[in-house]
Amino acid sequence: MWIKVPTSQMMDTEDTQNVTELALALAKNAITAAIKSMEEAENPIKNIDWITQGEFTEERGRKQIEDFISNWEYQGRWVHYTEFLKREDVFHSFHYIYCVHWSIPTARRPIARTTASVYFTIKINTNKPPDTPIDVSYVFESHSLVHRPGMTHFQEKCLRDIIEAKYILMNSNIFQFNSVRIFQNILGIDFSSECVKNTILYIEPQNSIE
């Protein structure tokens, strides 16, 4: 039985390959960082001068959110309004929650059926001095990623995805409702009667036979 012992030449070759891979990885990261820097220079992330904790009121917070959103780039068909929802008392701080409602009205439907929401939180820390800028964060409806002003670009696609997902859900519910109406007509059953309301009809799905 022969055992292959690595020679110094083989070890040198492996070291050279490792160095090459490391150099390529570093070069790739440098190129990616350079491209990102150029994109940010051409399309900088916009922000506003946020007020201090001492200057804050519920209404001023709402107006600042509107000012911040005015820097977002989106198609003109979108409309939005901002409302204050509530104040939450948290340990050593107050959280002021706002909701920005987005929709796309049309001539045929001036009041849109679905909206997309962006929730803003303004945090007032009672342990910090009044001249401290307010702490602002926001999340898109049904998303978990927390954004902060001046850190990321606004993506209109996030709003479109929320609207489209709601449309799909609504159409699915309409289909189910229409299916019930069809079964009602075929079977001659009044689904609005108290007898049927208190009865659960369960149809066990049949497994397909190969």
Sequence of Glu42, Glu164 from largest to smallest accessible area, 1.4 Å probe: Glu42, Glu164
Accessible carbon and sulfur surface of the stretch 53-172 relative to its total accessible area, %, 1.4 Å: 52 percent
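The values are calculated or read from the model by the stated rules, or taken from the named source; none is laboratory data. Since the model is a prediction, treat every value here as computed from it, not as a measurement. Quick note on the areas: whole protein, heavy atoms, side chains included, nothing else; ligands and nucleic acids left out. Shrake-Rupley method; radii C 1.70, N 1.55, O 1.52, S 1.80 Å.
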